[in-house]
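The values are calculated or read from the model by the stated rules, or taken from the named source; none is laboratory data. What you see is a predicted model, and the numbers here were worked out from it, not measured in a lab. Cβ coordinates were reconstructed from backbone atoms using ideal geometry, including for glycine residues, and neighbour counts include every protein chain displayed. The accessibility values were calculated without ligands, DNA or RNA, using every heavy atom of the protein model including side chains. Shrake-Rupley method; radii C 1.70, N 1.55, O 1.52, S 1.80 Å.
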Amino acid sequence: AHTGDNSLQVYNFVHTWDTVKIDIKSLMGTAVPENRQVKLNVTLSYLIESETEKNDLAFAPKVYLSTDAKSVKEFAFSGMVNASTKKWVTFNGDITCDLSDTAGDKIEWAYITPFVPGDTEITVYVDDIKITSGSDILLDEGFESFSGDTTVKELNNAGIQTQWGGGESECLYKIATVKATEKAPEYAHTGDNSLQVYNFVHTWD
């Protein structure tokens, strides 16, 4: 966890473009601003936990907006962070999304992808997501109100969902609870560690 005890752990990426989708439509409303410009600030922290050392992976959020229920415009931040194994890094960026060349006066889709790792063999922890629009705080999520029993639906209700894929092809994610003073002997026969095996694809795995 970057702060507090919890973070969002995303793992088992099926495609190199898999990520997490933060749905901000319900948070910002459906009205298109009169000047057709949406100004956002995004802050969030990443940590990579990998079996093989993966360093300097370029991470940067992107914003996707649609006003006509057909095409979706993609807006990229100018900055990015290089996420490294076992080290928390924080992204902070401002962006102005210009919708002057779009049709329609209703926001049909509005979401942010926090990262696209470009690698399926890594596990990403995300924490302390904060999204603001001007003086309005759209989302301030540190996952402290969730637990290991949090369901996919509960995460979806908070605007957080897997992106791309569907059904069994979605990458798996769960809330990771980290407490430095806490041991977990129920998961080890002796000592502190054991081998955890999960996500069997075939019955013979």
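Annotations
- Relative to the Cα centre, the charge distribution of segment 1-116, modelled as +1 at Lys and Arg Cβ and -1 at Asp and Glu Cβ, gives a dipole magnitude of about 60 debye.
- In segment 61-143, trypsin sites (Lys or Arg not before Pro) in a DSSP loop with at most 13 other beta-carbon atoms within 10 Å: Lys70, Lys86
- Links that overshoot a 26 Å alpha carbon limit, given the list Lys25/Lys62; Lys106/Lys130; Lys25/Lys86; Lys39/Lys86; Lys86/Lys153; Lys39/Lys87: Lys25/Lys86; Lys39/Lys86; Lys86/Lys153; Lys39/Lys87
- Per-atom-type breakdown for segment 1-70 gives carbon and sulfur 44% of the accessible area (1.4 Å probe, protein chains only).
- Remark: the Ala31-Glu121 segment gains 28.4 nm on full extension, using 0.36 nm per residue and subtracting the alpha carbon distance.
- Stokes-Einstein diffusion for segment 1-94 at 10 °C, viscosity 1.306 mPa s, with a Kirkwood radius from C-alpha pairs, works out to 101 µm²/s.
- Protein accessible area in segment 107-152, 1.4 Å probe - carbon and sulfur %: 43 percent
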